Amino acid sequence: MIETLHPSPLSPLPSPPLRLSQSQLNRLAACPRRFQHTDLEQLAAPSEPDQQERQNQGTRFHLLMQQWLLGLPVEPLVQEDAQLQAWFDAFIAVAPKILTLGDDRPLWGQSEHARTLAFEGYLLTVVYDLLLANGQQAQILDWKTYPRPQNPRYLLQNWQTRLYPFVLAEASDYDPDRIAMIYWFFESGEQAPEARRFNAPYDRSQHEQTRTDLTHLLAQLTDWLERYQNGEPFPQVPLESKECDRCSFAIRCDRVVFQDHASQTQSAPDNAFSLPNLADIQEVSL
Ligand code: SF4
């Protein structure tokens, strides 16, 4: 539940150029009004305690991986933390498979590798958990500490999957078909810890489709920002969207009645806004 239930005057816009991360693009694509509340007005919705703890665990795991990749001791981090130990054991078991590009060329790698791309008047920012590269190819690796989504569409359409290789292709000498985006999931639910990968295909046509979609989304954002400066709030999702069902801004948006109605119609078909917002369960937010 949000902290305040009453609309406040529209906030002043940040000075351009606006920096945008994948989680912000996901919010914007899912619901422009939520982007307004969260990213322009900085309205925070307190996390549930168990959700907050999962995020904290994810953050600790990313720190652990960064330490290990830098050659620093990790024992102080995993001691007395069975969950971290299990995820780390899963990583170590597949590390030889993860930390290679499959040929004999000298391998370069950097954890928490950050890049920024100026695009359509905005600064697109990414932070790769690990970037591996040699003269021929590059791999963007991302660690996940929640189970792999059953439906690969959820990841394929997520802006992290699309933005991360796009920025690398635009800001390096690697052609799109020389870039891979790979998620490693270290949480296997009830099963024994096991790392599973999801390899998002990437090539020139995907790259150009991402450029087209990004250009369109950012043009919309520019239009919404101009209207916002003139006192018009960002658009909401349609009333029939299920996006409001799990949104903390439902009261502020006067969507509570529909929320109650929606809870009785669980069999409603998926729509364009029903993708899981990975940003909400992102371990390390940008
Ligand atoms: S309640 Fe619905 S319209 Fe309002 S911000 Fe959330 S998803 Fe958007």
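For the stretch 155-220, the Cβ-based charge dipole about the Cα centre amounts to some 60 debye (Lys, Arg positive; Asp, Glu negative; other atoms uncharged).
About the centre of its Cα atoms, the stretch 19-281 shows a dipole size close to 260 debye [charges on the beta carbon of Lys, Arg (+1) and Asp, Glu (-1) only; nearest 20 debye].
Net charge of the neighbourhood of residue 197, taken over other residues with C-beta under 12 Å away and scored Lys/Arg +1, Asp/Glu -1, is +2. With a cut-off of 12 Å between beta carbons, the residues surrounding residue 39 carry a summed charge of +3, where Lys and Arg count +1 and Asp and Glu -1. Round to a whole angstrom and tell me the spacing of the C-alpha centers of the stretch 158-225 and the stretch 58-91. With the stretch 158-225 and the stretch 58-91 each reduced to a Cα centre, they are spaced 26 Å.
Within the stretch 49-192, DSSP assigns beta bridges of which about 70% are antiparallel (rounded to the nearest 5).
Once you order the gyration tensor axes a ≥ b ≥ c over the Cα atoms, which shape class does the stretch 19-281 get: rounded for a/c under 1.5, otherwise prolate or oblate by comparing a/b with b/c? Here the stretch 19-281 falls in the oblate category.
Read the figures in this text as sums done on the coordinates, not as results from a lab. No experiment lies behind these values; they were computed from the predicted model shown. Note: ideal-geometry Cβ built from the backbone for every residue, glycine included; neighbour counts use all protein chains shown.
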